[in-house]
Amino acid sequence: MKVVNICLAGSYNDGWGYQDNLLTKYQKLNGNDVTIITSRFVNEKNSEKYLTVPSGIYVNELGIKIKRLDFVKFTWISKIFRKYRGLYGSLSEENPNLIFIHCCQFIDIISVCKYVKNHPNVRVKVDNHADYTNSAKSIPAKILHYTLWRYCARKIDRYAEKFYGVMPSRCDFLMKYYGINKSKIDLLVMGADDELIENTSKNLNELSKKVNPSNNFLIITGGKIDMHKKETIDLMKAINQMKDVKLLIFGSIVEELISEFNANLSEKVTYLGWINQQETYNYLAASDLAVFPGRHSVLWEQAVGIGLPSIFKKWKGTTHVDLGGNCIIMDNCSEENLKKEIENLRDDNEKYQAMKKNAVEKKKYFSYKEIARMSVE
């Protein structure tokens, strides 16, 4: 099957572990011919800003063709509303059986509608990554979602066979903000990279001895540590008060938190810096517990997908990571509460082993190989 993934509502970052990377990877590994049509946007590692890269066509390390489209003439307008050059022509060149749209918040979705109208045998699916915590937070943003982006969603709704929310909250968002019928919406979770999980068995003992020579209860957290995840500082403070516990942190730290973050590094709290995807999975596999006390990130699903017992902060619409006994979801991730929950797991081996058993048995639900199969069936 020829599958064209459209990532024009935002960025696309080569080599990252985001959903648009891994879904397309396993669509390809499952035997499909896959192309990604995307923007010139990439994410800046240490902020929420976008950077731009040149337009053009290239093939990534998996053999997936990447087409980066340029903006139309009035660049500043097109960057806001996502209007591109040559989308219809690119679709014509690719001649897809299925168009999978990653987020519908781009005005050039009109070109997709035009193409599908002229090629009625082409199937269309749409996913959604917008929810109440990362979108529609301000009054202007809410107006934009209720008007322009709702218009875009309703336009493609005429042709789409399925809308997916990647979390329950994002299914709800499709109904509330865009008026998509509930019967047309399903949950398609983000997950973990099966290949990288398999590779973690190599040299795992050596890594464990290196990062945890005293065989402490090893906790891991990470990602883009920004003002939405400043509870990471509370986690660091909690760990520094405990015995026989060590914390590994990886990723990037925003400038506003660097001073306080550095002040809480210690023999018990180690910062690994920015690590690649395979290293991320290796460190997750070497750990006893993942703790994510801030806003949701794809690392939640990766931790669940590798079978790692976890503690998450409670966010509306993120209960999909709770498979029944694999994790603890906390209402309040204060320093005191984090200390209490972690010490309970450290000291109650029977409780921890039951949690570990559940995590390992149910991790299959977050396999990207299976998620990718579902995305095109």
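The values are calculated or read from the model by the stated rules, or taken from the named source; none is laboratory data. Here the structure is a predicted model, which is why all the values come from computation and not from measurement. A quick note on method: Cβ atoms are made from the backbone with ideal geometry, for glycine too, and the neighbour counts reach across all protein chains shown. Protein only, heavy atoms only, side chains kept; ligands, DNA and RNA dropped before computing areas. Shrake-Rupley method; radii C 1.70, N 1.55, O 1.52, S 1.80 Å.
A few comments on the model shown:
- Look at the Cα gyration tensor of the stretch 176-301: its axes a ≥ b ≥ c give a/c of at least 1.5 with a/b at or below b/c, and that counts as oblate.
- Classified by the C-alpha gyration tensor, the stretch 285-348 has an oblate form. Its axis ratio a/c, with a ≥ b ≥ c, is 1.5 or above, and a/b does not exceed b/c.
- Simple label model, 7 Å out from Cα along Cβ direction - LYS184 to TYR50, nm: 2.5 nm
- Qualifying aspartates and glutamates (Cα of each under 14 Å from Cα of LYS209; at least 8 residues distant if same chain): ASP288
- Which of ASN282, ASN203, GLY10, positive extreme of dipole for the chain (C-beta unit charges): GLY10
- Legend: residue pairs LYS65/LYS125; LYS339/LYS369; LYS117/LYS363; LYS65/LYS356; LYS162/LYS356, Cα-Cα distance threshold 31 Å; pairs beyond threshold, LYS339/LYS369; LYS117/LYS363; LYS65/LYS356; LYS162/LYS356.
- Charge dipole (debye, nearest 20) of the stretch 232-377; +1 at Cβ of Lys and Arg, -1 at Cβ of Asp and Glu: 420 debye
- Cα-based equivalent ellipsoid of the stretch 127-200: semi-axis lengths in Å, sorted from largest, via gyration tensor: 27, 16, 10
- Alpha carbon Rg of the stretch 58-207, scaled by the compact-globule rule 2.2 N^0.38 Å: 1.22
- With R₀ set to 35 Å, the beta-carbon distance separating ASN349 from GLU260 gives a calculated FRET efficiency near 0.55.
- Heavy atoms of the protein chains alone define the surface here; on that basis the stretch 152-260 has 44 Å² accessible area per residue at 1.4 Å probe size.
- Radius of gyration and maximum dimension Dmax of the stretch 326-377, Cα, Å: 15.7, 47
- Value of Rg to Rh for the stretch 15-120 (Rh from inverse mean 1/r over Cα pairs, i.e. Kirkwood): 0.95
- Listed residues GLY179, VAL166, LEU265: farthest to the positive end of the dipole of the chain (Cβ charges): GLY179
- Restraint check, LYS28/LYS176; LYS316/LYS340; LYS25/LYS142; LYS184/LYS351, Cα-Cα greater than 30 Å: LYS28/LYS176; LYS25/LYS142; LYS184/LYS351
- Distant-in-sequence amide H partners of GLY294 (H built 1.01 Å from N, under 5 Å): LYS313
- Computed from backbone phi with θ = phi - 60° and the Karplus coefficients 6.51, -1.76 and 1.60, the 3J(HN,Hα) list for the stretch 328-337 is 10, 10, 9, 6, 10, 9, 6, 4, 5, 5 Hz; x is used for glycine and proline.
- Our summary gives the chain a relative contact order of 15 percent, counting only alpha carbon pairs under 8 angstrom and 6 or more residues apart.
- Here the chain exposes an accessible surface that is 50 percent carbon and sulfur, computed with a 1.4 Å probe and the other protein chains kept in place.
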